[in-house]
1. Which of the aspartates and glutamates could a cross-linker bridge to residue 68, judged by Cα under 15 Å and excluding same-chain residues fewer than eight apart?
2. If R0 is 30 Å, what FRET efficiency do you get for residue 8 and residue 120 from their C-beta distance, rounded to 0.05?
3. Report, by chain and number, residues whose modeled amide H sits under 5 Å from the one on residue 13, excluding near sequence neighbours (fewer than 5 apart, same chain).
4. Considering only Cα-Cα distances, which of the following residue pairs are longer than 30 Å: 11/137; 11/44; 36/105?
5. By how many nm would the segment from residue 79 to residue 54 lengthen if fully extended, with 0.36 nm per residue of separation less the alpha-carbon distance?
6. Using θ = phi - 60° and the Karplus form 6.51 cos²θ - 1.76 cosθ + 1.60, what ³J(HN,Hα) does each residue of the stretch 60-73 get, whole Hz, x for Gly and Pro?
7. Please give the length that would be gained between residue 32 and residue 47 if that part of the chain were fully extended, namely 0.36 nm times their separation in residues minus their C-alpha to C-alpha distance (nm, one decimal).
Amino acid sequence: MSLDISIAGRKHWLWRAVDQHGVVLDILVQSRRDAKAAKRLLRKLLKKQGVAPRVMITDKLASYAAAKRTIMPGVEHRQHKGLNNRAENSHQPTRRRERIMKRFKSAGKAQRFLSAHDQVANLFRRSANSNAAERRKARSHAFTAWTEVTGAAVSF
């Protein structure tokens, strides 16, 4: 799924891969929205994940189908407006962060920031259908993982 963002007055596209649980797998900032850019995202995603997905759901951009035919020919591809809501909803925190930061200054800085931001957001993501005890347990686990990764003591 791609989202247009303005960087230094030029339109760029933020390509984002999201799994079935809403976890952001990878992002890529590109100046184009064509088959070459889609292929680059799919290659990067396959390299990182190590295994091809069973089903790929996208919007109706033809570049996805062209890229999928060459990179992942055996994967089922569904193109539908309503099926990609997880990817659409994952763009909301990016839009919010972009407004707070008064836009990104360069594509490289946007790529670096959003890659880190999405990984941290994945760590602290809450399940919508859980009770308070499960959310407390998940938050405690997330803070423990955060402390291990950063080496910083966190008080909550």
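Read the figures in this text as sums done on the coordinates, not as results from a lab. The structure presented is a predicted model; accordingly, all values stated were derived computationally and were not measured. Glycine gets a Cβ as well: all are built from the backbone with ideal geometry, and neighbour counts include every protein chain shown.
1. 34, 59, 76
2. E(calc), rounded to 0.05, equals 0.75.
3. 5, 30, 31, 32
4. 11/137
5. Between residue 79 and residue 54, full extension yields an extra 7.6 nm.
6. For the stretch 60-73, the Karplus-derived couplings read 8, 5, 5, 4, 4, 5, 4, 5, 5, 4, 8, 8, 10, x Hz, x marking Gly and Pro.
7. Between residue 32 and residue 47, full extension yields an extra 3.3 nm.
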